[in-house]
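Have a look at the structure below before the remarks.
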Amino acid sequence: MNWTLTYRCGASARLAALWLQCAMLTWSVDSCFAQCVEFSDRAPRAELDAFAKSPSSLLQKLRNEKDKLSSRLAAYIVSDPSVLPSVQTLISEAPSADRSAIGEALRMAEARCTLTKPDIAQKIRNFTQRLGDLAVKGGYSAANADDPGARPVSRDKQVGQPRGGGLLEGEGKTKLIDPFKPLPLPR
């Protein structure tokens, strides 16, 4: 009887261990798909964990270096978007001079995620819109204005196509083109 009880307890322990392994595998696979960049472009996990534990440590390391602050923070966000709550803590602890760099980092991260993970880019955009800090929003907007390729260009507009869709031709664009002429096929 004692052997049967031990066998049953061992079986339930193995079953619990199997469930734990499955849960950990599911969590790790899910977190692998959350990043916006390839594995080689991600920030090291130790740095991400250190930032999540103490966001102000980034401010101490990169004091008076706004460019490095924005690029490092953007790298953290695209490597693991779950650090956004730590970014909120960072904003509350940052001096006003560094808050615009944080907004710029948010914009850079959003731009990097737009093509690969649009849902994460939307999360970053929503996070930024919910912030009440004008300096962060100012940095976000300034980064948007500095980056002309930040907004995706619609596919139906061709580069160099005249305004009006090319409905006029001839010298001085005074003749109307034939509306029944077949359209050229895209390449």
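The numbers here are math on the coordinates, done by the rules we state, and not lab data. A quick note: this is a predicted structure, and the numbers were derived from the prediction, not measured. Neighbour counts run over all protein chains shown; Cβ positions are idealised from the backbone, glycine included.
Quick look at the numbers
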read-out	value
Inter-probe distance in nm under a simple model that places probes 7 Å from Cα toward Cβ, at Leu183 and Ala46	5.7 nm
Net length gained if the chain between Glu65 and Phe39 were fully extended (0.36 nm per residue, minus Cα distance)	6.7 nm
Among the listed pairs Lys53/Lys117; Lys66/Lys117; Lys117/Lys137, those beyond 24 Å (Cα-Cα)	Lys53/Lys117; Lys66/Lys117
Most to least packed among 170-179, 121-130, 94-103 [average Cβ atoms within 10 Å]	94-103, 121-130, 170-179
